[in-house]
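Peer 1: Pasting a structure here, questions to come.
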């Protein structure tokens, strides 16, 4: 999965470029999210096939799995103990995680779009114009980002 954290940053001094790039960047992550949803569907199908195959094999050869009498709980327990079943479960969990992360990335890109819209609106309202000392919003943003990064690293080290 591609990480989009760096791409989510907005350059307030290039809102026109940010606005023009937004649809393509959003589509890229939305496309990857769709692929991840397909991956989950395929992993679910693979798990179902694995369960069916194991169910058949266990019912046909119960002694191979250490079952003297076939009951549904014994069948399920024997199935869960096989490497094949565990691998299929892990593949499904991994696909679900990938999907969740890409769904979150899609939401972040939608929030980015709204942020650009709001910045453009502020610009149109002369928010950046000031009769007092000019303010470098890009520099201020970077300083705040650096402060947050330092605070986050400090928390992680504790």
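Peer 1: Considering only residues that are within 16 Å of residue 49 (Cβ to Cβ) and assigned to a helix (DSSP H, G or I), which ones fall in the range 81-103? Please lay out each step first, then the result.
Peer 2: Filtering the range 81-103 down to residues within 16 Å of residue 49 (Cβ to Cβ) leaves 82-92, 95.
Selection gives 83, 84, 85, 86, 87, 88, 89, 90, 91, 92, 95.
Peer 1: Is it true that some residue in the range 9-20 is more than 18 Å from the chain's Cα centre (by Cα) and more than 30 Å from residue 115 (Cβ to Cβ)? Can you show your working first?
Peer 2: Looking only at the range 9-20, we keep the residues that are more than 18 Å from the chain's Cα centre (by Cα), and these are 10-20.
Those still in the list that are more than 30 Å from residue 115 (Cβ to Cβ) too: none.
No: the range 9-20 contains no residue that is more than 18 Å from the chain's Cα centre (by Cα) and more than 30 Å from residue 115 (Cβ to Cβ).
Peer 1: Across the range 106-121, what is the total count of residues that are in contact (Cβ under 8 Å) with a residue 24 or more places away in the chain and closer than 19 Å to residue 11 by Cα? Break it down into steps so the answer makes sense when it comes.
Peer 2: Kept after step one, since they are in contact (Cβ under 8 Å) with a residue 24 or more places away in the chain, are these residues of the range 106-121: 106, 108-110, 112-113, 115-116, 119-120.
Keeping just the survivors that are closer than 19 Å to residue 11 by Cα gives 108-110, 112-113, 115-116, 119-120.
The total comes to 9.
Peer 1: Would you check if residue 113 is over 22 Å from residue 37 (Cα atoms), touching a helix residue (DSSP H, G or I) at 6+ places or on another chain (Cβ under 7 Å) and part of a helix (DSSP H, G or I)?
Peer 2: On the way: over 22 Å from residue 37 (Cα atoms): yes; touching a helix residue (DSSP H, G or I) at 6+ places or on another chain (Cβ under 7 Å): yes; part of a helix (DSSP H, G or I): yes.
In short, yes.
Peer 1: Consider residue 137 carefully, then state whether it is within 23 Å of residue 25 (Cβ to Cβ), out of contact with any helix residue (DSSP H, G or I) (no Cβ under 8 Å at 6 or more places or on another chain), in contact (Cβ under 8 Å) with a residue 40 or more places away in the chain and surrounded by 12 or more Cβ atoms within 10 Å (Cβ to Cβ). Walk me through how you get there before you give the answer.
Peer 2: Numbers: within 23 Å of residue 25 (Cβ to Cβ): yes; out of contact with any helix residue (DSSP H, G or I) (no Cβ under 8 Å at 6 or more places or on another chain): yes; in contact (Cβ under 8 Å) with a residue 40 or more places away in the chain: yes; surrounded by 12 or more Cβ atoms within 10 Å (Cβ to Cβ): yes.
Yes, satisfied.
Peer 1: Filter the range 38-67 down to residues that are surrounded by fewer than 16 Cβ atoms within 10 Å (Cβ to Cβ), under 19 Å from the mean Cα position of the chain (by Cα) and in contact (Cβ under 8 Å) with a residue 12 or more places away in the chain and give me whichever is farthest from residue 116 (Cα to Cα).
Peer 2: 44
Peer 1: Within the range 25-72, work out how many residues are closer than 14 Å to residue 94 by Cα and not in a helix (DSSP H, G or I).
Peer 2: The qualifying residues number 0.
Peer 1: Just give me the residues in the range 136-148 being modelled with pLDDT under 80 and more than 14 Å from residue 10 (Cα to Cα), in sequence order.
Peer 2: Across the range 136-148, the qualifying residues are 136, 148.
The values are calculated or read from the model by the stated rules, or taken from the named source; none is laboratory data. If you're wondering where the values come from, they're calculated on a predicted model, not measured in any experiment. Don't worry about glycine lacking a Cβ; one is built from the backbone with ideal geometry, like all the others, and counts go over all protein chains shown.
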